[in-house]
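The values are calculated or read from the model by the stated rules, or taken from the named source; none is laboratory data. Not measured: the values here are computed from a predicted model. Here the Cβ positions follow ideal geometry from the backbone for every residue, glycine too, while neighbour counts run over all protein chains shown.
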Number of protein chains: 2
Amino acid sequence: MAAAHEDESELKRYRRIILLTDGFSTPFLAKTAISLLRYRQNDIVAVLDSTEAGRTSDSLFGAGGATPVVGTLHEVEADALFIGIAPPGGALPEHWRAIVLNALAGGIDVVSGLHDFLGDDSEFRRAADEHGCRLIDVRRNDERQTAQHEAFREGCLRIHTVGHDCSVGKMVTALEIQRVLADRGEDAQFVATGQTGIMIAGDGVPIDCVVGDFVNGAAETLVQRHEQHDILLIEGQGSISHPSFSAVTLGLLHGCAPDGLILCYEAGREMVKGLDEIPIPPLQTLVAAYESVATLRNPCRVIGIAMNGRKQSAEEAAVERERVSAELGLPACDVYRDGADVLADAVLALRGERR
Amino acid sequence: MAAAHEDESELKRYRRIILLTDGFSTPFLAKTAISLLRYRQNDIVAVLDSTEAGRTSDSLFGAGGATPVVGTLHEVEADALFIGIAPPGGALPEHWRAIVLNALAGGIDVVSGLHDFLGDDSEFRRAADEHGCRLIDVRRNDERQTAQHEAFREGCLRIHTVGHDCSVGKMVTALEIQRVLADRGEDAQFVATGQTGIMIAGDGVPIDCVVGDFVNGAAETLVQRHEQHDILLIEGQGSISHPSFSAVTLGLLHGCAPDGLILCYEAGREMVKGLDEIPIPPLQTLVAAYESVATLRNPCRVIGIAMNGRKQSAEEAAVERERVSAELGLPACDVYRDGADVLADAVLALRGERR
């Protein structure tokens, strides 16, 4: 435990990060890299993709401004190499082995969020030891505490982003609401529960890698570590209706015992990502399901909708936003296009009610 | 994976088992031993508890008939020593180390369902290797598949026992319904998801020890291994409202995608076991919550109630049974006192509807 948290806060100390996406620089696969470019742009010195060298990260990903895309490690001076993709199957692409070894040989720490731990690979382990640098597996954890139904500090309002599916913007929505609230002078804190969020925030729990009996407890402990803040924006995972990942979703929901939920969805997505014949339930059904199970732990309701309109034109997105807001009777916005102000308003309104 | 399943089927081969409960022979702590005495009585040669030596298991636990309680290992000839308790904290009691080493030295295999694996203890490992016997940790698993929303065989009816709390009889209810259905000539199979169930059935998945992302997938794969049977009685875990264990409950529920649920509860229990200030929601609320989340995966409803009246007199239990049956509009029984016939009837009625 102590070691894991030290590793995490270590993550925030890196100021010259190279993001590795070599050969996999698509928006879906390179989600981690793109989010780091958006939320830690000042700490990123380059993207490494030999197939796209010479471009800027903005032209490649629409994020990160003029950050260069380089073809080899040693074109820039770096303190860490972050694995920037979530590869199909969860394992390191085979041709990346040489790149990782090369980084370690150059004294550069390597940070990974893969399910397969780099630190369990004896060749990597040896290289890191030999060159005195670190291999940090963000998903590694030894959470072993069961949740105790803790009463959190009364002045700590807990807001949790939940979704109708995976990869719809739960992390981004939490980060954007946090940013708006902080800009308004509120003591609001983002709480990370996935590998990318942890790389951004420097702290968190890789909740999908915790053993079943301890998922609720890991979430509860995580919230306890942050309850000195007035407002927590807790990143959600999966979906209560997801055939594969609902265990993680509910354990996290019960462990963090939110006061309010923000429901995130992608406009136009009707089938579960990766299970393309399985329909996603209607939003109305999901609102009812989330409120019903969340309230088993703590009185809770959905207070706003974060619409992800990435596949829509501005006009289509505006129509969709009005439609969904009217249908569910809740404030709605696309946090990228519209900013997160209406959701920040909903958070503060909920706090007003609770006082 | 293969190794784990081999170990499990191995469990059924033991015919001369000693159950170790030394110093912990209370009904709550010795749950594993008591269940093995009930469901594998013919394979048990003794209970080992030096503080109760000379008694019979029936006088000690109300189960297992004349099975002797012995004070030392070598009073009976045995092929396996099963750890018969779920100790507070999950670790092996310190004074048991000598007993386990003694068993291994005598060529007796040791089987454990503890969270702390005996096989990870170098002293035990060495002793097992030296004497050519086996250490089987029933909870060890390397489940790594995500659920795929499989369409199970149409003729396979899946019934899942769920609860209002832990330790209310979900395993026993599944076993008793299975027995009644088998006696009626049905091809009904008990499917184990916890350490005691696995020790009884010789197969199963220790679902609470699976990593979060793979809980749903482990349950799905388990059902696939048994879908050649006409009726599955799948053991439930925890409760959808349990502050600590709801992740496991929901992942299992979605992974096995039941057609019908049996709701198990203990009459008079109002607070969560182990979290004594936290009230358990009313049964009506739980029926609605279970049906709502289960149906996100597969159309499903609660078809019967298994009432555990262990703290009641026969008269009190009869009154309670009528009351709960009327309140919920569902058949109800105490499977120990009344047998499981009315629940078996409900299972067959559901199958009739589905045809």
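If we scan region B:224-235, do we find a residue that is facing chain A (nearest Cβ under 8 Å) and either crowded, with 24+ Cβ neighbours inside 10 Å or not hydroxyl-bearing (Ser, Thr, Tyr) (or both)?
Among the residues of region B:224-235, not one is facing chain A (nearest Cβ under 8 Å) and either crowded, with 24+ Cβ neighbours inside 10 Å or not hydroxyl-bearing (Ser, Thr, Tyr) (or both), which makes the answer no.
May I ask you to list the residues in region B:317-355 that are in contact with a Ser or Thr (Cβ under 7 Å, 6 or more places away or on another chain) and on the phi > 0 side of the Ramachandran plot?
The answer is none; no residue qualifies.
Go through A:CYS264, A:CYS256 for me and flag whichever is more than 8 Å from chain B (Cβ to nearest Cβ), crowded, with 24+ Cβ neighbours inside 10 Å and more than 15 Å from the chain's Cα centre (by Cα).
Selected residue: A:CYS256, the only one of A:CYS264, A:CYS256 that is more than 8 Å from chain B (Cβ to nearest Cβ), crowded, with 24+ Cβ neighbours inside 10 Å and more than 15 Å from the chain's Cα centre (by Cα).
Any idea which of (1) of a type outside the set (Val, Ile, Thr); (2) in contact with a helix residue (DSSP H, G or I) (Cβ under 8 Å, 6 or more places away or on another chain); (3) within 14 Å of chain A (Cβ to nearest Cβ) is the one B:PHE214 doesn't satisfy?
(2)
So which of B:ASP129, B:ASP109 is over 30 Å from B:GLY274 (Cα atoms) and touching a Cys at 6+ places or on another chain (Cβ under 8 Å)?
Numbers: B:ASP129 fails: touching a Cys at 6+ places or on another chain (Cβ under 8 Å).
Exactly one of B:ASP129, B:ASP109 is over 30 Å from B:GLY274 (Cα atoms) and touching a Cys at 6+ places or on another chain (Cβ under 8 Å), namely B:ASP109.
Would you check if A:CYS209 is within 13 Å of chain B (Cβ to nearest Cβ), touching a His at 6+ places or on another chain (Cβ under 9 Å), touching a residue at least 60 places away in the same chain (Cβ under 8 Å) and under 19 Å from A:ILE34 (Cβ atoms)? I'd like the intermediate steps shown before the answer.
Values: within 13 Å of chain B (Cβ to nearest Cβ): yes; touching a His at 6+ places or on another chain (Cβ under 9 Å): yes; touching a residue at least 60 places away in the same chain (Cβ under 8 Å): yes; under 19 Å from A:ILE34 (Cβ atoms): no.
No, not satisfied.
Condition first: among the β-branched types (Val, Ile, Thr) and buried (at least 17 other Cβ atoms within 10 Å of the Cβ). Now tell me which residues in region A:312-346 satisfy that. Reasoning before the result, please.
Applying the first criterion (among the β-branched types (Val, Ile, Thr)) to region A:312-346 yields A:319, A:324, A:335, A:342.
Residues satisfying the conditions are A:VAL324, A:VAL335, A:VAL342.
Pull up region B:91-106, narrow it to residues that are small (Gly, Ala, Ser) and in contact (Cβ under 8 Å) with a residue 24 or more places away in the chain, then point me to the one that is surrounded by the most Cβ atoms within 10 Å (Cβ to Cβ).
Our first condition is that a residue be small (Gly, Ala, Ser); within region B:91-106, this holds for B:91, B:98, B:103, B:105-106.
Filter once more, keeping what is in contact (Cβ under 8 Å) with a residue 24 or more places away in the chain: B:91, B:103, B:105-106.
Working: B:ALA91: 11, B:ALA103: 24, B:ALA105: 14, B:GLY106: 14.
Filtering first and then ranking leaves B:ALA103.
Identify, from the list A:GLY352, A:GLY329, the residue that is without any contact (Cβ under 8 Å) to a residue 24 or more places away in the chain and over 22 Å from A:ASP230 (Cα atoms).
One residue alone meets the criteria, A:GLY329.
Considering only residues that are more than 10 Å from chain B (Cβ to nearest Cβ), surrounded by fewer than 20 Cβ atoms within 10 Å (Cβ to Cβ) and in a loop (DSSP other than H, G, I, E, B), which ones fall in region A:268-303?
Answer for region A:268-303, where residues must be more than 10 Å from chain B (Cβ to nearest Cβ), surrounded by fewer than 20 Cβ atoms within 10 Å (Cβ to Cβ) and in a loop (DSSP other than H, G, I, E, B): A:GLY268, A:ARG269, A:GLU270, A:LYS273, A:PRO282, A:PRO299.
Of the residues in region A:59-85, how many are touching a helix residue (DSSP H, G or I) at 6+ places or on another chain (Cβ under 9 Å), surrounded by 14 or more Cβ atoms within 10 Å (Cβ to Cβ) and farther than 21 Å from A:ILE108 by Cα? Show your work before the answer.
So in region A:59-85, the residues touching a helix residue (DSSP H, G or I) at 6+ places or on another chain (Cβ under 9 Å) come out as A:61-69, A:72-74, A:78, A:80-85.
Within this subset, residues satisfying the condition of being surrounded by 14 or more Cβ atoms within 10 Å (Cβ to Cβ) are A:61, A:63-64, A:67-69, A:73, A:78, A:80-85.
From what's left, farther than 21 Å from A:ILE108 by Cα: A:61, A:63-64.
Of the residues in that region, 3 qualify.
Please go through region B:332-349 and pick out each residue that is touching a Leu at 6+ places or on another chain (Cβ under 9 Å) and either in a helix (DSSP H, G or I) or free of Cβ contacts under 8 Å to residues at least 24 places away in the same chain (or both). So that I can check it myself, show each step before the final result.
Applying the first criterion (touching a Leu at 6+ places or on another chain (Cβ under 9 Å)) to region B:332-349 yields B:332-333, B:335, B:340, B:344, B:346-348.
Those that are touching a Leu at 6+ places or on another chain (Cβ under 9 Å) and either in a helix (DSSP H, G or I) or free of Cβ contacts under 8 Å to residues at least 24 places away in the same chain (or both): B:VAL335, B:ALA344, B:ALA346, B:VAL347, B:LEU348.
Restricting to region B:150-195, what's the tally of residues that are surrounded by fewer than 19 Cβ atoms within 10 Å (Cβ to Cβ) and not polar (S, T, N, Q)? Give the derivation first.
Of the residues in region B:150-195, the ones surrounded by fewer than 19 Cβ atoms within 10 Å (Cβ to Cβ) are B:150-156, B:166-167, B:179, B:182-187.
From the residues that got through so far, the ones that are not polar (S, T, N, Q) too are B:150-156, B:166, B:179, B:182-187.
Selection size over region B:150-195: 15.
Being within 22 Å of the chain's Cα centre (by Cα) and within 12 Å of another protein chain (Cβ to nearest Cβ) is the filter here; which residues of region B:143-166 pass it?
Of region B:143-166, the ones within 22 Å of the chain's Cα centre (by Cα) are B:143, B:156-166.
Hits for region B:143-166 are B:GLU143, B:HIS164, B:CYS166.
Being touching a Leu at 6+ places or on another chain (Cβ under 6 Å), acidic (Asp, Glu), assigned by TED's automatic domain parsing to the domain that holds B:THR285 and closer than 21 Å to B:GLY155 by Cα is true for just one of B:ASP230, B:ASP259, B:ASP183. Which residue is that? So that I can check it myself, show each step before the final result.
Details: B:ASP230 fails: touching a Leu at 6+ places or on another chain (Cβ under 6 Å); B:ASP183 fails: touching a Leu at 6+ places or on another chain (Cβ under 6 Å).
From the options B:ASP230, B:ASP259, B:ASP183, the qualifying one is B:ASP259.
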